[in-house]
Amino acid sequence: MEVMDKRKKDRFVKGIALNAFVLLGCLIYIYVYIIPQYDTINATVTQVNTTINNASSLKSDGVNKDSFTELLNKSGKKKEIPDVIFTDPTKLNEVLKKPTGIKKDYLDWLLDETTKMSIIDKEITEINSVLGNIIPVFVNSSNRSIDDSIDNQVTLASFITYIEKDILGKYSLTSYAPIGISNITFPEKSNTSVNIGSFKITLDFKGRNSNILALIDAVQKSGGITIRNGKIIPNTTETRTGWGEKWLSGLSNLLITIDTLSLTDIPASYAASNQGSITLNFYVEGMDYQKILFLRSLVSAKFTGLQKSVQEKGMLCVKPGNPLCNETATANAIATIKGLTKNLTKLQTQVNGFKTVDVTKDIDNINDINTSLQTIEIIYLRNNAILEKAKKTSTTK
């Protein structure tokens, strides 16, 4: 056996010592730094894997009611969703769940469903417009801002126009009987949420027999609808009327029945003139609780917006240095706006305490609240205009 050279032996021993030292250092580093962080690293890896799995599941299957609520809470968006959405967890889960057999991603499926909903909403609007022209909603209110919020309505003014144009005028009949809407009767008890009532008007008329018979024929055909492929088809000749883009009933197909009819002469000749009296029944939909709640939500939203504006403008002089507070006109305007806070606080009791008890009284209460709100709004807008004018003047100097 060859004897190892002393220098070679020394180098070999030093190499072993160096490797042992490096190994010892690594062990010390692992012991001091790696082992204490192992749980953290493991938790991080687990969290990353969970996130990847959740992202994959979200992309493929979407959310259920719990994860949907959690996401809304984290993003601060839950307050923007009506509470009624969460009252039926089972139904909410059904809506959120992607049907089995759908291979596309959840987002793509959701976008497709959203497109379908817009089509369905359009169809519902068209159907409501058709039905609203058969039995419109009767609004017995002089409060235009409330009236504008109700679809498919008939008012006294639009009804008188209809009688004069689409009955008397269209059939060249002359009548001197007063036209109005009165004595509307609604059923006291009903198993349906729809509130349908009726009223009568009597017309004493003169005209040709041909026109009288044409009117009778039109009344007998009134209220008819066309159903094609299981859908109610709207009258394509109808146009939007009313203020802005709000749909009001065109009254193009009112449901009318003849209660009584009397003629002076038997209509033997179409060209001969005749006269008589006819009592017509008209049918209208009354205000129901769903519409009351809808109008209440509009008034409540208007109140909240106005209250926020009043509070913001009323605080302009709390901190010194605002030049608007140094001028008499603008300072008075701010003080007036600030004073509206008391009026709003008093009105808030009525807004928050509103309860649906009786439809007639409820609509009157909403009108009273809205009238008070309009009065406060007018004062606010008038004084805010002074502030806005002062701001523009100061920026142009």
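Summary table below
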| read-out | value |
| --- | --- |
| Extension gain, Ile258 back to Thr87 (0.36 nm per residue minus Cα-Cα distance, nm) | 56.9 nm |
| Convex hull volume of segment 286-337 per residue (C-alpha atoms, cubic angstrom) | 72 Å³ |
| Length added when fully stretched, Lys308-Lys165, from 0.36 nm per residue minus Cα-Cα | 46.8 nm |
| Order by protection proxy (mean Cβ within 10 Å, highest first), peptides 276-284, 295-303 | 276-284, 295-303 |
| Length released on extending from Ile232 to Asn332, taking residue separation times 0.36 nm less the Cα-Cα span | 30.1 nm |
| Label-point gap, in nm, between Asn343 and Thr125 - each point 7 angstrom along Cα→Cβ | 3.5 nm |
| Cα pair distances of segment 291-396 binned at 5 Å [whole percent] | 2, 12, 21, 19, 14, 11, 9, 6, 4, 2, 1, 0 |
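No value in this document is a laboratory result; all are computed from the given coordinates. All of these numbers come straight from a predicted model, not from anything done at the bench. Quick reminder, even Gly has a Cβ in these numbers, built from the backbone with ideal geometry, and neighbours come from all protein chains shown.
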